[in-house]
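Chemist: Handing you a structure now.
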Amino acid sequence: MTRAIVVAAALLGATQPARAQDFRPVIDRLAKAWERADVSAVGAHAASIGLSLDVEGRRTGPLPERQAASALRRLFDDRETIAINPGIAKELDGEPRRAFAELTWVTRARGTTIPQRSTIVFTLELEKGRWRVTEIRLIR
């Protein structure tokens, strides 16, 4: 009897869908990569269809990982990061599963002391059990 229960539990566990990756650790990794201006690490989280960028109203993409990294590199070339502060992060209902997160990015133009605040919005979609970035929006 006990063996039958163990076998039944194992079979039921095998038919359960795989648990999806939690999106918050992904956001933490993205925030750290953004703070270090690590465009390769940010680009590595791009969705398979590519990554769209919306920087101050100029929208491009979806771009493949390497092109997205190149576009982000140009963004980081002009600025130095003072701080990254987490904001709202939320998983949305519906299919496909989506999430978004906001970061406040405090920067200054290289060679200056005047801080500037921007909001970075990451839009993510669950792709094969992993959260992938579909869009990055920079709002000043």
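Chemist: Please list, ordered by first then second residue, the pairs with beta carbon atoms under 6 Å, 6 or more apart or interchain, first in the stretch 33-54 and buried (at least 18 other Cβ atoms within 10 Å of the Cβ), second of a type in the set (K, R) and assigned to a strand (DSSP E or B).
Modeler: Pairs found: A47/R132.
Chemist: Can you confirm whether the stretch 94-108 contains a residue that is modelled with pLDDT under 95 and among the aliphatic types (A, V, I, L, M)?
Modeler: no
Chemist: Ok, one more. Could you check, for the stretch 50-60, whether at least one of its residues is in contact with a helix residue (DSSP H, G or I) (Cβ under 9 Å, 6 or more places away or on another chain), of a type in the set (S, T, Y) and at pLDDT 95 or above?
Modeler: Our first condition is that a residue be in contact with a helix residue (DSSP H, G or I) (Cβ under 9 Å, 6 or more places away or on another chain); within the stretch 50-60, this holds for 50-53, 55, 60.
So of that shortlist, the ones also of a type in the set (S, T, Y) come out as 52, 60.
Restricting the remaining residues to those that are at pLDDT 95 or above gives 52.
There is at least one residue in the stretch 50-60 that is in contact with a helix residue (DSSP H, G or I) (Cβ under 9 Å, 6 or more places away or on another chain), of a type in the set (S, T, Y) and at pLDDT 95 or above.
Chemist: Further, regarding this structure: Please specify each residue of the stretch 69-90 satisfying the condition of being surrounded by 17 or more Cβ atoms within 10 Å (Cβ to Cβ) and farther than 14 Å from L138 by Cα.
Modeler: A69, A89
Chemist: Say we look at the stretch 51-95 and pick out the residues that are of a type in the set (S, T, N, Q) and either in contact with a Pro (Cβ under 7 Å, 6 or more places away or on another chain) or assigned to a helix (DSSP H, G or I) (or both); which of these is farthest from E125 (Cα to Cα)?
Modeler: Residues of the stretch 51-95 of a type in the set (S, T, N, Q): 52, 60, 67, 70, 81, 85.
Okay, now just the ones that are also either in contact with a Pro (Cβ under 7 Å, 6 or more places away or on another chain) or assigned to a helix (DSSP H, G or I) (or both), so 52, 67, 70.
Details: S52: 13, Q67: 20, S70: 22 Å.
Looking at residues that are of a type in the set (S, T, N, Q) and either in contact with a Pro (Cβ under 7 Å, 6 or more places away or on another chain) or assigned to a helix (DSSP H, G or I) (or both), I get S70.
Chemist: Of all residues in the stretch 91-124, how many are within 15 Å of E135 (Cβ to Cβ) and loosely packed, with under 13 Cβ neighbours inside 10 Å?
Modeler: Looking only at that region, the number is 2.
Chemist: Now for a separate question. Which of the following residues is touching a residue at least 60 places away in the same chain (Cβ under 8 Å), on the phi < 0 side of the Ramachandran plot and of a type in the set (A, V, I, L, M, F, W, C): I120, I84, I88, I114?
Modeler: Values: I84 fails: touching a residue at least 60 places away in the same chain (Cβ under 8 Å); I88 fails: touching a residue at least 60 places away in the same chain (Cβ under 8 Å); I114 fails: touching a residue at least 60 places away in the same chain (Cβ under 8 Å).
Matching residue, one of I120, I84, I88, I114: I120.
Chemist: Could you please let me know if R58 is without any contact (Cβ under 8 Å) to a residue 12 or more places away in the chain and farther than 21 Å from K128 by Cα? Reasoning before the result, please.
Modeler: On the way: without any contact (Cβ under 8 Å) to a residue 12 or more places away in the chain: yes; farther than 21 Å from K128 by Cα: yes.
Yes; evaluated as a whole, the condition is true for this residue.
Chemist: So, of the residues in the stretch 125-140 that are in a strand (DSSP E or B) and more than 12 Å from the chain's Cα centre (by Cα), which turns out to be surrounded by the fewest Cβ atoms within 10 Å (Cβ to Cβ)? Working first, answer last.
Modeler: From the stretch 125-140, those in a strand (DSSP E or B) are 125-127, 130-139; that's our starting set.
Still in the list and also more than 12 Å from the chain's Cα centre (by Cα): 127, 138-139.
Numbers: E127: 16, L138: 17, I139: 14.
Looking at residues that are in a strand (DSSP E or B) and more than 12 Å from the chain's Cα centre (by Cα), I get I139.
The values are calculated or read from the model by the stated rules, or taken from the named source; none is laboratory data. It should be emphasised that the depicted structure is a prediction, and the values quoted were computed from it without experimental measurement. Quick reminder, even Gly has a Cβ in these numbers, built from the backbone with ideal geometry, and neighbours come from all protein chains shown.
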